[in-house]
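Throughout, read-outs are computed from the coordinates displayed, never taken from laboratory work. Since the structure is predicted, the reported quantities are computational estimates derived from the model, not experimental observations. Ideal geometry is used to build each Cβ from the backbone, glycine not excepted, and the neighbour counts take in all protein chains shown.
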2 protein chains.
Amino acid sequence: MGPGPSDVHSRVYRALSTQLVGHLDPEFLAIMDNLQSMLRTVFRTENRVTIALSGTGSSGMEATIGNLVEPGEKILVCVNGVFGTRMCDVAERVGGRVVRLERAWGEVFDASEIRQALESDSDIRFVSIVHAETSTGALQPLSELGDICQEHGAYLIVDAVTSLAGLDLRVDEWKVDACYSGTQKCLTCPPGLSPVTFSDRAVEKIRGRKSKGVSWYLDLNLIDNYWTEGQRVYHHTAPISMNYALHEALSLVLEEGLENRYARHASNSRSLVAGLEALGFSMLVEDESKRLPMLNSVRIPDGVPDADVRSGLLRDFNIEIGAGLGPFAGKIWRVGLMGESSRRENVLFFLAALETVLRALDTGVKVGAGVDAAMELYRR
Amino acid sequence: MGPGPSDVHSRVYRALSTQLVGHLDPEFLAIMDNLQSMLRTVFRTENRVTIALSGTGSSGMEATIGNLVEPGEKILVCVNGVFGTRMCDVAERVGGRVVRLERAWGEVFDASEIRQALESDSDIRFVSIVHAETSTGALQPLSELGDICQEHGAYLIVDAVTSLAGLDLRVDEWKVDACYSGTQKCLTCPPGLSPVTFSDRAVEKIRGRKSKGVSWYLDLNLIDNYWTEGQRVYHHTAPISMNYALHEALSLVLEEGLENRYARHASNSRSLVAGLEALGFSMLVEDESKRLPMLNSVRIPDGVPDADVRSGLLRDFNIEIGAGLGPFAGKIWRVGLMGESSRRENVLFFLAALETVLRALDTGVKVGAGVDAAMELYRR
């Protein structure tokens, strides 16, 4: 119940240990085709270039920025947590000129301030933003940004590592040009691949680059030649087993249905929050509509010892939750309810465990009301 | 029985599907420590920085070259096949000035010509070479190159993707500064990770870089901070399941013993070659001492239809072998005997299957003698 990896379904484990075939075997190529088709459904896109990169979510960040941004081009990076900060580093390394737009950690950006930034600097060619900031639990609204970018001749790059398959995300409708994710959050597969999707105009931009990208391994043109039916040009040996696992994880997502899955994540989060609030805790993100359902960041009250609680949960209950990062170290906990981990049993077990640990540590928190408050919401 | 992935032991499949823990969980950190220690044994090194990167073998190529080579620095790349060619591309993308030393595909380099290249251009700071060229089946002797590099102030980078754990490789004794491999060849684990090792002087060179490397994902300094005990600074979410699998695959390698494993690869290759020669085939690499035991490249005789034979083997016998690449397309087959796939049963089954397919295609090859010739060697 940390910020990922989330629990994995037994069917995904079974897929993971299915016997290997080669990366150019007709059976595997068929799996790749299915995988692409399922990824398109989950990303809500018809983008032809929708694939799983052979690295974790961070490799997806590097691939989207590294393929799109050419040396000297300006990119507006929206920074309100760890992953926006990371985007700046990645963009600078490939020669991008980074314009930082900052918000306090835990806050999100208004469409108007992004419009203003684009209006005040017509050289900006990219806007890069995190949908679900895992370091803070803040949910960035995206629906207006695509239009704003297109009006200003910019490409929209979205980090959906933690949101994909757990939260409404519409790549085509929202005019997202490049979007990357990871497998170990709401897709609920082990970490190791990065699903990405690129709009046709993004692909065109990449094909028209003046110089090759700095990375051969993540060169989208080369990777695309391997994933495209009728081409299948060997690039690198695909991580076969991880692709099997992702294929099965996507099947599970689609069996449940995206809307049902979003609703499940929302419902479990609401109950968790009700339980925490009944204990007197308060959520870091005050505006309920800006809270992530899969990553619940809660303030640690004064007098409650951060590390003791987390190690008590791990030692006595085998529950891992996330610590605060950066300015929030020691100030918040991050409770993950992602994919298979987003279950009523987990919410209730966590609340009961937390109460027990708090009682044992004699923290003064008035325990006893958490589970009931959560159950009350479930009973409605 | 292609150029990888090789067959995977059931224990490795079981490890792969072991329940996940987090990438900062104490249990996982202990696995990382063991994994490093086993990798050191297999690489025959005491290098502190010996880790598994979160990408396939090609990401290892990119990481070694990308971390070591700074923009404008000269690198001598030895090109005698696909992977030397790829190294040039990778080095140019990160800003290296590439000096190509070429040999016909299927040949290998003499130490003297590398010495000569270094003598004739004192700006060369790196020599990059492939130990086991998977596209041709040629084995590059390495033992003298480290001294030659050090005499000329250069760093030695070795591609050991296909050789590691199947062929004598001594990182420390041979003074290799950076060496990378893949998991899906002789380590006989699914593809997805890249074991790498860096000498202390290579690490020092990287720490002293004037500018950051172009890749955040493969930045060795950041990755090292995660792998180093006592630091464990979060970088990216490690591919937990693949690390479990590699841990088990390395255990299997060490249970067998490196020398035994090298001998097994050599013995099965000798029998395969004896069988193929008894059928009248000839090996691409004429000098027996320069042939790879894990990747046996054999010339396709005139009148034998390449694709029909390969598809017959796949369809009727479920055997995949590798086609020729580049100048050898249609001219050679590449028969893999790697890790778990390097077994007497595979050698004999392949020879029997090949004879059956050749007979059915009425190729004129005099069949019948292959299995006997292979068995004769095994009986000795």
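Apply the a/c threshold of 1.5 to the C-alpha gyration tensor of the stretch A:231-308 and tell me whether it is rounded, prolate or oblate. Prolate shape, in that a/c is at least 1.5 and a/b is the bigger ratio.
For a quick check, take a GNM of chain B with Cα springs below 10 Å and name the residue from B:M338, B:M32, B:M294 with the largest mean-square fluctuation. Residue with maximal mean-square fluctuation among B:M338, B:M32, B:M294: B:M32. For the stretch B:249-277 and the stretch A:299-362, what is the centre-to-centre distance using only Cα atoms, to the nearest Å? Each part's Cα centre sits 50 Å from the other's. Note on chain A: antiparallel DSSP beta bridges, both residues inside, total approximately 50 percent of the bridges counted. Assign one of three labels to the stretch A:257-379, namely rounded, prolate or oblate, based on the Cα gyration tensor with a ≥ b ≥ c the square roots of its eigenvalues; rounded applies when a/c is under 1.5, prolate when it is not and a/b is larger than b/c, and oblate otherwise. Note, shape of the stretch A:257-379 comes out prolate. Each copy carries a label point for B:S112 at 7 Å from Cα toward Cβ; from one copy, the others' points are 7.9 nm away, ordered from shortest. Distance between the 7 Å Cα→Cβ label points at B:E376 and A:E151: 8.3 nm.
List the lysines whose Cα lies under 22 Å from the Cα of A:K175, skipping any in the same chain that are fewer than 8 positions away. Within reach: A:K74, A:K205, A:K290. Compared with the dominant Cα axis of chain B, that is its longest principal axis, helix B:370-379 is turned about 60°. Quick check on chain B: take the gyration tensor over C-alpha atoms, sort the square-rooted eigenvalues as a ≥ b ≥ c, and tell me if it's rounded (a/c under 1.5), prolate or oblate. Since a/c reaches 1.5 but b/c is at least a/b, the shape of chain B is classed as oblate.
Within the protein assembly as shown, the proportion of Cα pairs with more than 33 Å between them is 53 percent. Here the label points at B:S10 and A:R359, each 7 Å from Cα along the C-beta direction, are separated by 4.7 nm in the simple model. Relative to the longest principal axis of the Cα atoms of chain B, the long axis of helix B:240-256 makes an angle of roughly 60 degrees.
Here the sum of -39500 (n - 2.57) over DSSP H runs of 4 or more residues, divided by the residues of chain B, equals -13000 deg cm²/dmol at 222 nm, to the nearest 500. Spacing of the modelled spin labels on B:A329 and B:D302, each 7 Å from Cα toward Cβ, amounts to 2.3 nm. GNM on chain B, alpha-carbon springs under 10 angstrom: the most fluctuating residue among B:Y180, B:Y13, B:Y244 is B:Y13.
Going from the residue with the fewest nearby Cβ atoms within 10 Å to the one with the most, B:H131, B:H265 rank B:H265, B:H131. For chain A, relative contact order (Cα pairs under 8 Å, six or more residues apart, normalised by length) works out to 23 percent. In chain B, the longest principal axis of the Cα atoms and the axis of helix B:111-120 are about 40 degrees apart.
How many angstrom lie between the C-alpha centres of the stretch B:174-200 and the stretch B:1-73? About 7 Å separates the Cα centre of the stretch B:174-200 from the one of the stretch B:1-73.
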